[in-house]
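Here the structure comes first, spelled out in structure tokens, and everything after it is commentary.
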Amino acid sequence: MSTIGFLHTAEVHVATFRGLVAELAPGWQDRHVVDPQLLADARAGLPVEDRLRERLAELADTDVIVCTCSTIGPEAERAGALRGDRPMARAAIAAAKGGRIAVAYAVESTVEPTTAVLRDEDATADLVLVPCLDAWQFFEAGDLPAYHAAIAAQLRAVDAEVIVLAQPSMAPAAALLPGRPVLTSPRAAVLAATT
């Protein structure tokens with residue numbers, strides 16, 4: 001039986017990705033390593049490469065490794081893991097068809113890696129940044145419904161062909177935006193890793 005390994009920077013992601021593996025790849029097993037310090041260090045501008053490699057090594061016996069954190073995605077990709085937000089970026093470029101892509105984010109450290117992966121897929125992508133920084137306090141407090149509601153409120157009036165939720169933790173906010181084309185990384189990452 002194949003095994004997918006996940007590197008997360010928040011414990012809350014384990015249940016999300018475990019559920020997606022059960023739904024989308026029922027023949028697969030899943031293993032998870034969680035290290036919040038990776039995101040904390042990256043947000044503080046500290047190097048994360050050595051610690052990241054140590055954590056990825058804990059998943060070395062799996063068939064494929066996905067790094068779910070968009071902030072450290074570039075370093076994880078360079079270390080040989082699948083970058084969790086790359087499949088979403090590809091889908092966003094295809095769906096936008098040259099139109100505007102709104103990039104919503106709740107932590108500043110996500111802006112550069114997310115815009116970079118979108119531009120890596122299409123250097124001419126028309127990106128509109130939508131900061132949802134006030135929402136992060138709710139995530140840190142463990143109030144996920146308030147976190148997702150704050151993100152959705154920020155996005156309701158955004159004019160774009162596609163909305164990208166830059167962080168996996170933001171994904172449930174998509175359900176609060178009915179009728180809007182919203183892309184998230186968790187589902188796309190699991191599909192890309194297991195097919």
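When only Cα pairs below 8 angstrom with a gap of at least 6 residues are kept, region 1-102 shows a relative contact order of 29 percent.
What is region 70-184 by shape, rounded, prolate or oblate, if you read a ≥ b ≥ c off the alpha carbon gyration tensor as root eigenvalues and call it rounded for a/c under 1.5, prolate for a/b larger than b/c, and oblate otherwise? Judged from the Cα gyration tensor, region 70-184 comes out oblate (a/c at least 1.5, b/c at or above a/b). For region 123-164, the Kirkwood estimate of hydrodynamic radius, built from reciprocal distances between every pair of different alpha carbons, is 11.4 Å. Net charge near LEU129, counting Lys/Arg +1 and Asp/Glu -1 over other residues with Cβ under 12 Å of its Cβ? In short, -2. Taking a ≥ b ≥ c as the square roots of the eigenvalues of the Cα gyration tensor of the chain, is the shape rounded (a/c under 1.5), prolate (a/b larger than b/c) or oblate? Because its axes are fairly even, with a/c under 1.5, the chain counts as rounded. Extension gain, ALA141 to THR195, is 15.9 nm, computed as 0.36 nm per intervening residue step minus the present C-alpha separation. Using θ = phi - 60° in the Karplus curve 6.51 cos²θ - 1.76 cosθ + 1.60, the 3J(HN,Hα) couplings for region 31-39 round to 10, 9, 10, 10, 9, x, 5, 4, 5 Hz; x is entered for Gly and Pro.
Summarised in one figure, the compactness ratio Rg/Rh of region 117-189, Cα atoms and Kirkwood Rh, is 0.97. With viscosity set to 1.306 mPa s at 10 °C, what whole-number translational diffusion coefficient in µm²/s follows for region 24-91 from Stokes-Einstein and a Kirkwood radius over Cα pairs? For the chosen part, D equals 125 µm²/s.
Normalising the average separation of contacting C-alpha pairs (under 8 angstrom, six or more residues apart) by the number of residues puts the relative contact order of the chain at 23 percent. With a simple spin-label model that places each label point 7 Å from the Cα along the Cα-to-Cβ direction, the separation between ARG43 and VAL12 comes to 1.1 nm.
Pairwise Cα separations in region 149-195 fall into 5 Å bins from 0 onward with the following percentages, short to long: 4, 22, 31, 22, 11, 6, 3, 0.
With all protein chains kept in place, the per residue accessible area of region 110-195 amounts to 45 square angstrom at a probe of 1.4 angstrom. Charges were assigned to the Cβ only: +1 to each Lys and Arg, -1 to each Asp and Glu. The resulting dipole of the chain about its Cα centre is roughly 480 debye. If R0 is 30 Å, the Cβ-Cβ spacing of ARG53 and GLU121 corresponds to a FRET efficiency of close to 0.70. Only protein atoms count toward the accessible area here, which uses a 1.4 Å probe; on the chain, the carbon and sulfur part of that area reaches 52 percent. How would region 8-123 be classified by its alpha-carbon gyration tensor: rounded, prolate or oblate, with rounded meaning a/c under 1.5 and the a/b versus b/c comparison settling the rest? Because a/c hits 1.5 or more and a/b fails to exceed b/c, region 8-123 counts as oblate. From the Kirkwood radius over Cα pairs of region 56-137, Stokes-Einstein at 37 °C and 0.692 mPa s returns a whole-number translational diffusion coefficient of 241 µm²/s.
The values are calculated or read from the model by the stated rules, or taken from the named source; none is laboratory data. If you're wondering where the values come from, they're calculated on a predicted model, not measured in any experiment. Methodologically, a virtual Cβ is constructed for each residue, glycine included, from the backbone with ideal geometry; neighbour enumeration extends over all protein chains shown. Surface areas here come from the heavy atoms of the whole protein model, side chains and all, with no ligands, DNA or RNA. Shrake-Rupley method; radii C 1.70, N 1.55, O 1.52, S 1.80 Å.
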